[in-house]
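*Asks:* Sending over a structure as structure tokens; questions will come in a sec.
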Amino acid sequence: MIAALELGLRAAPVALVQPVFDALAAMMARRHPGVFERMAPWAGASFLFAPVGLPRGFLLQLLLPPKPPRLRVVELGRERAVVAVLSGTLPMLLDLLEGRIDGDAAFFDRQLRFEGDTSAVLALRNATDGEEIDLLDDLVASLPPPVRHLATLAEAAAGSRR
């Protein structure tokens, strides 16, 4: 999954990659509504995830209810209004979104950097804690059955989820 996302963020046309991120955002909203309920005070805010060494990142937009959140592929280095920018390796940023790593430890180990509103970043971290988010499972669950089957076969052939 990481290699495919890196390729998409590095070289694939945005029009080809964006539907994957749209599906992820929609599926996360359906499967993990608690995250977005806890982020309600930040409705209207955007968080930029900037993977180190990649020309593109993804922008999490917490839209005003009842609109679901959006996850947009964006060119890095272009100015945009965000409440916070989180930078690190792509695997680390995904682990952070899934709540699988301690964001505080990653920050103090200098694996994670952020700029912007500290309280917004803490709110995002707290919102994802304990949700048991699995982005790959969420993405695969959003696929039509034949494509889901192929994705499961590809995962098994790769021998690893990451």
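Every number in this text was worked out from the coordinates using simple rules, so none of it is lab data. Model, not experiment: these values are computed from the prediction. Cβ atoms come from the backbone with ideal geometry, glycine included; neighbour counts cover every protein chain shown.
*Asks:* Residues with amide H under 5 Å of Val52's amide H, sequence separation 5 or more or different chain, H placed in the peptide plane at 1.01 Å from N; which?
*Replies:* Residues meeting the amide H criterion: Gly88, Thr89, Leu90.
*Asks:* Which entry in (i) 1.25; (ii) 0.94; (iii) 1.09 is this structure's computed Rg/Rh (Cα atoms, Kirkwood Rh)?
*Replies:* (ii)
*Asks:* Please state the relative contact order of the chain as a whole percent: Cα pairs under 8 Å, 6+ residues apart?
*Replies:* 24 percent
*Asks:* Could you tally the net charge around Gly34, taking each other residue with its Cβ under 12 Å from the Cβ of Gly34, Lys/Arg +1 and Asp/Glu -1?
*Replies:* Its environment carries a net charge of -1.
*Asks:* Another question, then. Among residues other than Glu75 whose Cβ falls under 15 Å from its Cβ, what is the net charge (Lys/Arg +1, Asp/Glu -1)?
*Replies:* Residues near Glu75 contribute +4 overall.
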